[in-house]
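Participant: Have a look at this one.
The values are calculated or read from the model by the stated rules, or taken from the named source; none is laboratory data. Small disclaimer: the values here were computed from a predicted structure and weren't measured. Neighbour counts run over all protein chains shown; Cβ positions are idealised from the backbone, glycine included. The protein model used for the area step is the full one, side chains on, heavy atoms only, and it has no ligands, DNA or RNA in it. Shrake-Rupley method; radii C 1.70, N 1.55, O 1.52, S 1.80 Å.
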Amino acid sequence: MIMKKNPIRVAVTGAAGNIGYALLFRIASGAMFGPDQPVALNLIEIEPGMGALKGVAMELDDCAFPLLTEIVQTSDLSVGFKDVDWALLVGSVPRKQGMERADLLGINGKVFVGQGKAINENAKPSVRVVVVGNPCNTNCLIAMKSAPNIPDEQFFAMTRLDENRAKTQLAQKAGVAVKEVSGLCVWGNHSPTMFPDFYNTKIGRQKATAVITDEAWLKDTFVPTVGQRGKAIIDARGASSAASAANAVVDTVRDLVTPTRGDYHSVCVISRGEYGTPSGIITSLPIKVDAVGKWRVVEGLRLTDYAKEQIAKSNEELLEERKVAFGQLGLSL
Ligand code: NDP
């Protein structure tokens with residue numbers, strides 16, 4: 001007899017946004033949790049987005065996804081996060097012209113305080129939270145601090161799109177298929193200061209630096225290309241990357257629920273001081289998942305002095321973001 005699995009309940013904020021529109025159909029199709037795992041979707045929007053959300057829900061209905069058991073549409077966070085297994089926090093207020101970074105940290109900070117509290121009070125204690133809305137590392141830290149009953153290890157922010165972008169850039173430069181590129185961790189903040197560590201990367205069985213010997217290209221072209229890829233896409237498409245960001249959310253969650261067999265991946269998690277990173281920030285580290293589904297930071301990678309310097313700069317930025325946001329929100333460390 002085939003055992004019927006209980007649905008995994010997934011909340012998505014900003015569900016009617018661009019990334020939401022590219023993400024929901026992938027989740028409902030089974031791309032995130034597998035082809036035999038039912039899912040229920042709690043779609044969360046702010047009040048002005050509820051009309052568009054209705055249309056998205058209608059399209060989900062029209063796909064007749066066999067795995068999709070229920071769609072909840074709400075702007076009420078206590079309904080949206082009720083009993084969820086996963087909370088994918090995609091929505092956030094975009095930076096508008098004339099807005100300082102500090103303003104954005106404060107505005108979004110408030111949103112993530114509210115969401116953290118609602119997750120704390122309504123979600124399953126085992127809930128896992130992935131933050132996409134920018135500035136995602138600090139938003140994640142704020143949500144985590146606002147959800148004291150949920151273990152810190154259950155909060156994540158996304159740097160997987162940066163990793164995927166970086167892998168493709170190296171594959172194209174080396175003239176190989178992207179699956180040949182492994183061991184590429186993006187460290188630090190999801191911002192232009194992030195560091196895609198090409199020194200530990202392999203192309204096939206060789207070090208990437210043995211295949212691409214032009215270190216100046218790696219430092220001065222590759223790293224900034226990854227950092228500015230989002231802008232390049234806006235320039236080309238007239239809209240920000242949405243399908244590739246949604247794909248990276250799928251990759252992130254799928255690889256957090258699947259024991260790692262080969263390559264590690266970049267995920268922003270709570271730092272316990274690994275590799276000299278400051279404890280207590282949400283920073284991007286190389287992550288593996290064990291056979292019982294517990295994640296850990298990969299040990300034993302050797303960082304060059306250059307890499308250490310770049311990672312330290314990015315983590316300094318995170319400390320500064322934390323200082324500004326916590327100051328504005330009255331949060332304590
Ligand atoms: P998107 O769905 O395209 O983007 C949402 C978030 O993802 C933004 O913070 C954005 O940051 C980030 N993001 C975009 N591209 C990438 C990328 N390539 N890599 C990593 N992160 C990325 O924006 P929309 O404007 O279409 O939708 C936003 C949604 O959020 C709307 O549906 C809106 O109603 C909702 N919203 C919800 C709020 C809430 O929950 N309280 C508050 C405000 C909006 P960046 O802007 O830096 O690109």
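Participant: Quick check: anything in the range 104-122 of a type in the set (A, V, I, L, M, F, W, C), farther than 18 Å from M194 by Cα and more than 13 Å from the ligand (Cβ to nearest atom)?
Facilitator: no
Participant: Answer yes or no as to whether G17 is within 16 Å of the ligand (Cβ to nearest atom), within 23 Å of P135 (Cα to Cα) and either aromatic (F, W, Y) or open to solvent by 20 Å² or more (accessible area, probe 1.4 Å) (or both). Lay out the reasoning, then the answer.
Facilitator: On the way: within 16 Å of the ligand (Cβ to nearest atom): yes; within 23 Å of P135 (Cα to Cα): yes; either aromatic (F, W, Y) or open to solvent by 20 Å² or more (accessible area, probe 1.4 Å) (or both): yes.
Considered against the rule, which asks whether it is within 16 Å of the ligand (Cβ to nearest atom), within 23 Å of P135 (Cα to Cα) and either aromatic (F, W, Y) or open to solvent by 20 Å² or more (accessible area, probe 1.4 Å) (or both), G17 comes out as yes.
Participant: Moving on. Hey, among V127, V178, which residue is hydrophobic (A, V, I, L, M, F, W, C), surrounded by fewer than 17 Cβ atoms within 10 Å (Cβ to Cβ) and more than 25 Å from G327 (Cβ to Cβ)?
Facilitator: Going through V127, V178 in turn, the sole match is V178.
Participant: Separate question: Checking D85 against (1) of a type outside the set (A, V, I, L, M); (2) touching a residue at least 12 places away in the same chain (Cβ under 8 Å); (3) closer than 26 Å to S191 by Cβ; (4) touching a Lys or Arg at 6+ places or on another chain (Cβ under 9 Å), which single condition isn't satisfied?
Facilitator: With (1) of a type outside the set (A, V, I, L, M); (2) touching a residue at least 12 places away in the same chain (Cβ under 8 Å); (3) closer than 26 Å to S191 by Cβ; (4) touching a Lys or Arg at 6+ places or on another chain (Cβ under 9 Å) applied to D85, the lone miss is (3).
Participant: Could you list all residues from the range 321-333 that are surrounded by 15 or more Cβ atoms within 10 Å (Cβ to Cβ) and either assigned to a helix (DSSP H, G or I) or under 21 Å from the mean Cα position of the chain (by Cα) (or both)?
Facilitator: Step one: of the range 321-333, the residues surrounded by 15 or more Cβ atoms within 10 Å (Cβ to Cβ) are 321-322, 324-326, 328-329, 331.
Selection gives E321, R322, V324, A325, F326, Q328, L329.
Participant: Moving to a separate point now. Quick check on the range 229-242: of everything there that is more than 7 Å from the ligand (Cβ to nearest atom) and surrounded by 14 or more Cβ atoms within 10 Å (Cβ to Cβ), which residue is nearest to K294 (Cα to Cα)? Show your work before the answer.
Facilitator: Going through the range 229-242, the residues more than 7 Å from the ligand (Cβ to nearest atom) turn out to be 229, 231-239.
Next, only the ones that are surrounded by 14 or more Cβ atoms within 10 Å (Cβ to Cβ) stay: 229, 233.
Details: R229: 32, I233: 35 Å.
The extreme case among them is R229.
Participant: Quick one: how many residues across the range 38-74 are open to solvent by less than 50 Å² (accessible area, probe 1.4 Å), within 11 Å of the ligand (Cβ to nearest atom) and not aliphatic (A, V, I, L, M)? Spell out how you get there, then give the answer.
Facilitator: Step one: filter the range 38-74 for residues open to solvent by less than 50 Å² (accessible area, probe 1.4 Å), giving 38-45, 49-50, 53, 55-57, 60, 65, 67-68, 71-72, 74.
Next, from what is left, pick out any that are within 11 Å of the ligand (Cβ to nearest atom): 43-45, 49-50, 53, 56.
Now drop any that are not not aliphatic (A, V, I, L, M), which leaves 45, 49.
Matching residues across the range 38-74 total 2.
Participant: A follow-up question, please. Taking V292, is it in a loop (DSSP other than H, G, I, E, B), hydrophobic (A, V, I, L, M, F, W, C) and either under 17 Å from L23 (Cβ atoms) or open to solvent by 50 Å² or more (accessible area, probe 1.4 Å) (or both)?
Facilitator: Criteria met by V292.
Participant: Something else about it: Collect the residues in the range 121-179 that are of a type in the set (K, R) and over 11 Å from the mean Cα position of the chain (by Cα), keeping them in residue-number order. Full working, then the answer.
Facilitator: The first filter runs over the range 121-179 and keeps only residues of a type in the set (K, R), leaving 124, 128, 145, 160, 165, 167, 173, 179.
Selection gives K124, R128, K145, R165, K167, K173, K179.
Participant: Follow-up. Which pairs have Cβ atoms under 6 Å, sit 6 or more apart or on different chains, and link a residue in the range 151-162 that is closer than 16 Å to N139 by Cβ and in contact (Cβ under 8 Å) with a residue 40 or more places away in the chain to one that is within 13 Å of the ligand (Cβ to nearest atom) and assigned to a loop (DSSP other than H, G, I, E, B)?
Facilitator: M158/V132; T159/H190
Participant: Taking K173 as meeting all but one of (1) more than 30 Å from M99 (Cα to Cα); (2) buried (at least 21 other Cβ atoms within 10 Å of the Cβ), write down the number of the exception.
Facilitator: Of the numbered conditions (1) more than 30 Å from M99 (Cα to Cα); (2) buried (at least 21 other Cβ atoms within 10 Å of the Cβ), the odd one out for K173 is (2).
Participant: Would you mind finding the one in M194, M99, M158 that is surrounded by fewer than 24 Cβ atoms within 10 Å (Cβ to Cβ), within 14 Å of the ligand (Cβ to nearest atom) and not basic (K, R)?
Facilitator: Numbers: M194 fails: surrounded by fewer than 24 Cβ atoms within 10 Å (Cβ to Cβ); M158 fails: surrounded by fewer than 24 Cβ atoms within 10 Å (Cβ to Cβ).
Just one listed residue meets the conditions, M99.
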